Structures are given as structure tokens and as C-alpha cells.
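Peer 1: One structure follows; several queries about it will come next.
The values are calculated or read from the model by the stated rules, or taken from the named source; none is laboratory data. Keep in mind that what you see is a predicted model, and the values were worked out from it rather than measured. Glycine also receives a Cβ, built like all others from the backbone with ideal geometry; neighbour counts cover every protein chain displayed. The protein model used for the area step is the full one, side chains on, heavy atoms only, and it has no ligands, DNA or RNA in it. Shrake-Rupley method; radii C 1.70, N 1.55, O 1.52, S 1.80 Å.
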Amino acid sequence: MKQPKPQPGILDIELYVGGKSTVQGVQDILKLSSNENPNGPPASAQKALAASAATLHRYPESDHSGLRSALADFHGLDVQKIICGCGSDELISFLCQAYSGPGVEVIHSSHGFLMYKLYAMAAGATIVPVPEAERYVDVDAMLAAITPRTGLIFLANPGNPTGTKISDADIARLIAGTPPDVLIVLDGAYADYIEDWDGGARFVKSHNNVVMLRTLSKMYGLGGLRVGWGYGPQHVIDVLNRVRGPFNLSAPALAAGEAAVRDHAFVISHRGQNNAARRWLTDELAALGVLSDPSEANFILARFADQAQAEACDDYLQSIGILVRRVGSYGLPHALRMTVPDMVGCARVVAGVKAFMEQAA
Ligand SMILES: Cc1ncc(COP(=O)(O)O)c(C=O)c1O
């Protein structure tokens, strides 16, 4: 039977499966499968969101000037070079649409964020996954993968699902070895958890082919609202603004996002809490024989003896209401990614893994 056909390659895209949030028959759920902030959004953002309800008949501002100004003030950036997206996901899709396509190669590290691959495929581009070295991005391997057909390079730093971060010296080496007509995307979705680090903004300031992406979904607890942003050279921002729909962010999202970014105290307090809990969780699991790499994000990647043990542990944790993330689709079937919860949640995770180990022994 005749029917409309999508563009070649679209049906090869695997459907993205989000983190699990329920288990049948279990009431007390601890959701650690989507790297969400355990504290929820700042009260300031909730207030701004509620206040926006009375003017929902108005279209949102299309230039996002309030949110962009808040971001420029807080991060010390040029407001003209900031673009906002419906999550940083949307900006990844704009980048793939504008700078890749059939015949263009898109490089990403093999354990990098899945959406690079999915949006590059949606644009008809060829994806080039590059192996990592012990779950750290391998800059030399990335440089070796560049060909005359390369259009885009995505670098998640810290990585997801690894949580590992490469140094600014390594980023500088990647940029220095990349031809100037290839666009490098520094995805700093978790940069807010690192004190005194700009997520790579300094490289955007000094290079014409570097873009930084950030999100309010993690530190700011606004994943449900969908607010991300990018910082790039003017010529790239001008291109992305042509691909962007004028009303891509809703008025409530803009209002809450701006309030959150102006809430500096929230960042300081949550960063301190996350990083202390992360250290404790990492050490306690290591004492049980479950190791993870030093993470710079709001999650850890716990490694098990093999895939069977990781899956059995996941099944056990689910049975007691703890939902973590399997990462086989990232090529890490022997590992489980766990969002760092508050200290009460951390103690529950450690007790759960300990009980699993004891009953499996
Ligand atoms: C590395 C990385 N980049 C981008 C995103 C997308 O974030 P959002 O679309 O919620 O802004 C995520 C979300 O998990 C991520 O881990």
C-alpha cells in the first residue's frame, strides 16, 4: 500500500527512552534515573512561574531578552551572543540541522550524550562515535577521526553518563587540532556543579568555531520546564536564530528561568550539598566493591563485575523503589548511572546495594 515515506535514515533512529519513574506495586520511589535536582526548583522560580499565569493569553517575548540578560550578568558574557532553547536538546537539534546533513560527519565520543547521535541522524548526517580511554574523552582519538567531511564535533564535559571531565588544556588541544571550518560544541550541561569553571566560555570568546551549551534542567531543577541556552560566536548565533522558531520558549519558562538564574544563593547551596553527597556516595559504594570514576556532575556511574550483576542489582533496587539508569545504550552494560540524591537518599542507595551484594553472595 502506498503511504508517505520519511527522509532516508529517519527510521534508523532508535526511540529515546527516558528514565523510569514508577514501579508497579511500589509506593516509596526514589527516582535517580534522570539526573534531576533532588531539591526541586528554587522557590524564586516557582513564584515567577505562578505569577506568569495571569498573562498566558500573551505570546512570549521572542528575543528572550530578560533571560538572556540574567545569564549575561551572572556569567559575565556578551548578551548578543546568547541564544535560548527549549532545553539544550533543542539547541543540539538546531546545530545538527544548520551545520550537518547528508554527506557531513558528526563526531562524538562513544559514551557521550545520546541526543548528539539522534539529532545528527535526523539531519541525515553520518555519525562518527569515537572510543573513550577508560571512560574519559580521548582527545587524540577525536582529532584522528576528523576528515574533510567533518562538520561538527560534540564534547560533553563533564560527560553523560560517565561524569568525567577533561581539562581545559585538553579542550585547548582539541580546538588547536581542529580545522577552523569545523564547529566544536562544548556541552556543559553539568558545568554548574564545578566551582570556578566557566563551562568553556573562555574558548568561545577566543575562537570563531566554538559554541558552549548549558541547561537549567540540572542544577536549577527546571527539567520539566525545558530551558537551555548557548553561547557562541555572533555568526553562529545568527544562523541558529534563523532555524529557531520565534516562540520556542513559553512565557512561564522564560519567567521562571530568569528568576532561577538571578537566584545565586540557590546555586551555591545546592552545589555544596550535591558535591558533598556525591563524595559520600562514591566512597560508600567503593567500600562495597562498586567503583566509579571521579564524577564532576550530579550523578555517578557505578561499575559492577559484569552486565549480569549490574542488571541484577538494578532489578533489586527497583524492587525496593530505587530507580537508577541502565546505560547499555551508551556501550556501558556493566554500569548503572545514579543521580546523587540528598543524604537520606544516599543512605538508602548504599543500604540497597549492600543488601543486594549480601543476598547475591
Ligand atoms: C550532556 C547533556 N547535554 C544536554 C542535555 C539536555 O538537557 P536539556 O535538554 O534538559 O536542557 C543533557 C540532559 O540529560 C545532558 O546530559
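Peer 1: Tell me, what HN-Hα J-couplings in whole Hz come from the Karplus equation 6.51 cos²θ - 1.76 cosθ + 1.60 at θ = phi - 60° for each residue of the stretch 116-121, using x for Gly and Pro?
Peer 2: Couplings: 4, 5, 5, 6, 5, 5 Hz.
Peer 1: Which value in deg cm²/dmol, rounded to the nearest 500, describes the helix-derived mean residue ellipticity at 222 nm for the chain, given -39,500 (n - 2.57) per DSSP H run of n ≥ 4 and division by the residue count?
Peer 2: After summing the helix terms and dividing by the residues of the chain, the value is -12000 deg cm²/dmol.
Peer 1: State the dimensionless ratio Rg/Rh of the stretch 43-262 (Rg: radius of gyration of Cα atoms; Rh: Kirkwood radius). Write down the numbers at each step before the final one.
Peer 2: Details: Rg = 17.0 Å, Rh = 17.5 Å.
That ratio equals 0.97.
Peer 1: If you don't mind, another one. Can you list residues from other chains, or at least 5 along the same chain, whose modelled amide H is less than 5 Å from the amide H of residue 210?
Peer 2: So residue 210 has HN proximity to 184.
Peer 1: With every protein chain left in place, what is the accessible area per residue of the stretch 43-262 in square angstrom, probe 1.4 Å? Spell out each step's value before the answer.
Peer 2: Numbers: 8270 Å² over 220 residues.
With the other protein chains kept in place, the stretch 43-262 gives 38 Å² per residue.
Peer 1: If you average the alpha carbon positions of the stretch 125-198 and of the stretch 331-352, how far apart do those two centres end up, in angstrom?
Peer 2: 26 Å
Peer 1: Next question. Sort 287-295, 88-96 by packing, meaning the average of other beta carbons within 10 Å per residue, with the highest value first. Show your work: numbers first, answer last.
Peer 2: Details: 287-295: 17.2, 88-96: 24.7.
Listed from highest to lowest mean packing, they are 88-96, 287-295.
Peer 1: Oh, and also: Set Lys and Arg Cβ to +1 and Asp and Glu Cβ to -1, take the dipole of the stretch 261-361 about its Cα centre, and tell me which of 323, 276, 313 lies farthest positive.
Peer 2: Of 323, 276, 313, it is 276.
Peer 1: State, to one decimal in nm, how far the label point of residue 268 lies from the label point of residue 329, with both points 7 Å from Cα in the Cβ direction.
Peer 2: 3.9 nm
Peer 1: Multiplying the sequence separation of residue 149 and residue 359 by 0.36 nm and subtracting their Cα-Cα distance, what value in nm do you get? Don't skip to the answer; put the middle values down first.
Peer 2: Values: separation 210, 0.36 × 210 = 75.60 nm, distance 5.28 nm.
Gain on stretching residue 149 to residue 359: 70.3 nm.
Peer 1: Quick one: which residues, 5 or more positions from residue 156 or on another chain, have an amide H under 5 Å from its amide H? H modelled 1.01 Å from N in the peptide plane, none for Pro or chain starts.
Peer 2: Placed amide hydrogens put 109, 113, 187 under 5 Å from residue 156.
Peer 1: Using the Karplus curve 6.51 cos²θ - 1.76 cosθ + 1.60 with θ = phi - 60°, what ³J(HN,Hα) values do you get for each residue of the stretch 240-257, in whole Hz, with x for Gly and Pro?
Peer 2: 5, 5, 7, 7, 6, x, x, 10, 5, 10, 6, 4, x, 5, 5, 5, 5, x
Peer 1: Describe numerically, in nm with one decimal, the distance between label points set 7 Å from Cα along Cα→Cβ at residue 7 and at residue 26.
Peer 2: A separation of 4.0 nm, rounded to one decimal place.
Peer 1: May I pose another question? Could you report the accessible area of residue 65 in Å², rounded to 10, computed with a 1.4 Å probe on the protein chains as they sit in the structure?
Peer 2: For residue 65, the solvent-accessible surface is approximately 40 Å².
Peer 1: Using every alpha carbon pair in the stretch 3-100, what percent of pairs falls into each 10 Å bin from 0 up to the bin containing the largest distance?
Peer 2: 10, 24, 31, 26, 9, 0
Peer 1: Could you calculate the FRET efficiency of residue 238 with residue 69 from 1/(1 + (r/R0)^6), where r is the beta carbon distance between them and R0 is 25 Å, rounded to 0.05?
Peer 2: Values: r = 19 Å, r/R0 = 0.76.
The formula returns an efficiency of 0.85 here.
Peer 1: Further, regarding this structure: Could you sort 146, 82 by accessible area so the largest value comes first, with the probe set to 1.4 Å? Present the calculation step by step, with values, prior to reporting the outcome.
Peer 2: Working: 146 35, 82 5 Å².
Solvent-accessible surface, decreasing: 146, 82.
Peer 1: Convert each backbone phi in the stretch 186-196 into a coupling constant with the Karplus relation 6.51 cos²θ - 1.76 cosθ + 1.60 (shift: θ = phi - 60°), then list the ³J(HN,Hα) values in order as whole Hz, x for Gly and Pro.
Peer 2: 9, 8, x, 4, 10, 4, 4, 7, 10, 5, 6
Peer 1: Would you work out which of 210, 137, 245 lies farthest towards the positive end of the dipole of the stretch 43-262, given +1 charges on the beta-carbon of Lys and Arg and -1 on that of Asp and Glu, about the Cα centre?
Peer 2: Of the listed residues, the answer is 245.
Peer 1: Given H placed 1.01 Å from N in the peptide plane, which residues other than close sequence neighbours of residue 291 have an amide H under 5 Å from its amide H?
Peer 2: Hits under the 5 Å cutoff: 303.
Peer 1: Please go through the residue pairs 20/218; 31/218; 117/165; 117/205; 47/117 and name each one whose alpha carbons sit more than 25 Å apart in this structure. Spell out each step's value before the answer.
Peer 2: Numbers: 20/218 17 Å; 31/218 14 Å; 117/165 20 Å; 117/205 27 Å; 47/117 37 Å.
With Cα atoms farther than 25 Å apart: 117/205; 47/117.
Peer 1: Ignoring ligands, DNA and RNA, what percent of the 1.4 Å accessible area of the stretch 43-262 is carbon and sulfur?
Peer 2: Values: 4460 of 8270 Å².
Answer for the stretch 43-262: carbon and sulfur cover 54 percent of the accessible area.
Peer 1: Sticking with this structure for a sec: Mind checking the dipole of the stretch 142-218: about its Cα centre, +1 per Lys or Arg Cβ, -1 per Asp or Glu Cβ, Debye to the nearest 20?
Peer 2: Working: 7 positive and 8 negative charges, 42 e Å.
Approximately 200 debye in magnitude.
Peer 1: Can you give the accessible area of residue 17 in Å² (nearest 10), computed on protein heavy atoms with a 1.4 Å probe?
Peer 2: My reading of the accessible area for residue 17 is about 110 Å².
Peer 1: Can you give the Kirkwood hydrodynamic radius of the stretch 189-324 from its Cα pairs, in Å with one decimal? Can you show the working numbers first?
Peer 2: Working: mean 1/r = 0.0560 Å⁻¹.
Computed over Cα pairs of the stretch 189-324, the Kirkwood hydrodynamic radius comes out at 17.8 Å.
Peer 1: Still on this structure, please answer the following. Roughly how many nanometres apart are two label points built 7 Å out from the Cα toward the Cβ at residue 80 and residue 14?
Peer 2: My value for the distance between the label points is 4.4 nm.
Peer 1: Could you tell me the center-to-center distance, by alpha carbons, between the stretch 21-80 and the stretch 257-318 in angstrom?
Peer 2: With the stretch 21-80 and the stretch 257-318 each reduced to a Cα centre, they are spaced 22 Å.
Peer 1: Running a GNM on the chain with Cα contacts under 10 Å, which residue among 47, 165, 117 ends up with the highest mean-square fluctuation?
Peer 2: 47
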